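**Q** Please find one structure pasted underneath; my questions will follow.
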Amino acid sequence: MIPCVKNSCSKQNNRTIWRIMLLLYTMMISSILVTKGTAAEVSSSSPSSVSSSRRMDRYSAEASVSVETSLFAFVLSNHKSLIQHTWYKQQQIRQQYRASSAPNKQSSSLMSPSLSTSVQVKQQKDQECHVKSTASITSTRRQATATIALASLASTIFLPLSTYATTTNTNQQNIPLQTITDPNTYSSLCYVSTNNKSSSNNNNKPLPLIVFLHGAGKNELPISNLANPAGEHGGLLPSLIASGKAPDTLLQNFVVVCPYSQNKRSFYEEPRGKLLSFLDWFVTDGIQQVATNSKGTTNNDDDDDGVIKIDTSKIFLFGFSDGATLSVELLTTRKFAGAVIASYGFSGILPARALERLKGLPVWVLHCAEDVIFDVRFSDLLVASLRKVNGEDDKVIDGNDEGKNALIRYTRYEKDQEGFTGRVKGHSVGITASKNEDVYRWLLSI
């Protein structure tokens, strides 16, 4: 006796719906628990503790992995059920076909035409039911996928943003980060050392400049998103400065300018000359715009003339991802005193002319062996090429004295230092480098 196909389909669909409901309830409860636990940890943390935004990023990453794992298990389970159901229906159809076409005591030519027709009608109905049930299960899976994706979006976007709004407002008042715009090139965020107007710098000594180039992203939001610890460039230099988490060596000794490739995926889509034009504008007109704004906010008549001077012999590049790749190109102009290259993304094999122009320039390359976006071999080859042209040993290790004093430094992490997983695993070295005090001490020593 063949089981009722309709009942089988109905039971299968009910099981699928229950799986969806169970998964959604689990995600809702987990999201509530994570929110409460995180809020408690943030409220009890001291100013010297790890940045709450970074903790939130870690929680969000863990939540994303959990959601992706659950989704994968759900789809896999339903895929298995679908295969079993399909196989079962196919077996039914095969058995019916064999039963109808198997030779018996009578010749097949003497088989009743009405019997043959009824078998064909039965087979056709079974096939139609099978197709409908398969389509129903597939449609249910797609709906579940869309729902889970929405829940994932809520857990990875809304949760960090709410925490950011309640934890960083006070710090932002203490760290001046100005927005300035060159109408011909880029808008940018700018920071000026807290020592600029201190007694230690009462002679208005020129300050070294760091030009920070961010990596790829959507970059559709206003420039303020560049400094948002929960934004797409969260954890990098601008957001560290804005949230008061940047290393003291940076805050006390440098001017930092962070241009923003708004509405472009990255600076790599722009002409190289555009960034160079922006730099020329910044060291003349742009920095004085910053000085004027700073004087207007201090309301202190005892200040000097408000001029901020840039030491043009100490302009450094700090690039991450696409920004790192572009930094190597810009470094060949010889307009810069050195560079920090985090997660370099080109092949690492440079033309002889480019290597010749890079000769003698100090470079600190940082990369992670687990980087799933830009292979660490790119940095391996870059460092080998730069050390060869500078006559340095390619086997030098950054951890010892010889490595620290080398013209070409290379920090090669074996594991992701920020705990990133999934599709961004290992691609967090820009964050690691941004908060590394030794990076800024090294720049000061050049």
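**Q** Take residue 440 and decide whether it is hydroxyl-bearing (Ser, Thr, Tyr), touching a Ser or Thr at 6+ places or on another chain (Cβ under 6 Å) and in contact (Cβ under 8 Å) with a residue 12 or more places away in the chain.
**A** Yes; evaluated as a whole, the condition is true for this residue.
**Q** Then there is this: Just checking, which of 339, 354 is at pLDDT 95 or above, touching a Leu at 6+ places or on another chain (Cβ under 7 Å) and within 25 Å of residue 214 (Cβ to Cβ)?
**A** So the residue among 339, 354 that is at pLDDT 95 or above, touching a Leu at 6+ places or on another chain (Cβ under 7 Å) and within 25 Å of residue 214 (Cβ to Cβ) is 339.
**Q** From the list 323, 403, 391, which one is outside any loop (DSSP other than H, G, I, E, B) and without any contact (Cβ under 8 Å) to a residue 12 or more places away in the chain?
**A** Residue meeting the stated conditions: 403.
**Q** Just the residues that are open to solvent by 40 Å² or more (accessible area, probe 1.4 Å) and polar (S, T, N, Q), please, taken from segment 341-363.
**A** The answer is 347, and nothing else.
A quick yes/no check of all residues on (1) in contact with a Leu (Cβ under 7 Å, 6 or more places away or on another chain); (2) buried (at least 18 other Cβ atoms within 10 Å of the Cβ):
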position: 365; (1), (2): yes, yes
position: 372; (1), (2): no, no
position: 375; (1), (2): no, no
position: 385; (1), (2): yes, yes
position: 390; (1), (2): yes, no
position: 404; (1), (2): no, no
position: 408; (1), (2): yes, yes
position: 412; (1), (2): no, no
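**Q** When you scan segment 246-266, how many residues do you find that are crowded, with 22+ Cβ neighbours inside 10 Å and farther than 13 Å from residue 190 by Cβ?
**A** Total satisfying the criteria: 3.
**Q** For segment 208-232, what are the residues that are assigned to a loop (DSSP other than H, G, I, E, B), open to solvent by 10 Å² or more (accessible area, probe 1.4 Å) and closer than 16 Å to residue 191 by Cβ?
**A** Scanning segment 208-232 gives a single hit, 228.
**Q** Could you tell me which of the residues 268, 186, 191 is at pLDDT below 95 and among the aromatic types (Phe, Trp, Tyr)?
**A** 268
**Q** List the number of the failed condition for residue 378; all other conditions in (1) touching a Gly at 6+ places or on another chain (Cβ under 9 Å); (2) part of a loop (DSSP other than H, G, I, E, B); (3) without any contact (Cβ under 8 Å) to a residue 60 or more places away in the chain hold.
**A** The failed condition is (2).
The values are calculated or read from the model by the stated rules, or taken from the named source; none is laboratory data. All of these numbers come straight from a predicted model, not from anything done at the bench. Don't worry about glycine lacking a Cβ; one is built from the backbone with ideal geometry, like all the others, and counts go over all protein chains shown. Each accessible area value is taken on the protein alone, full model and side chains, heavy atoms only, with ligands, DNA and RNA left out. Shrake-Rupley method; radii C 1.70, N 1.55, O 1.52, S 1.80 Å.
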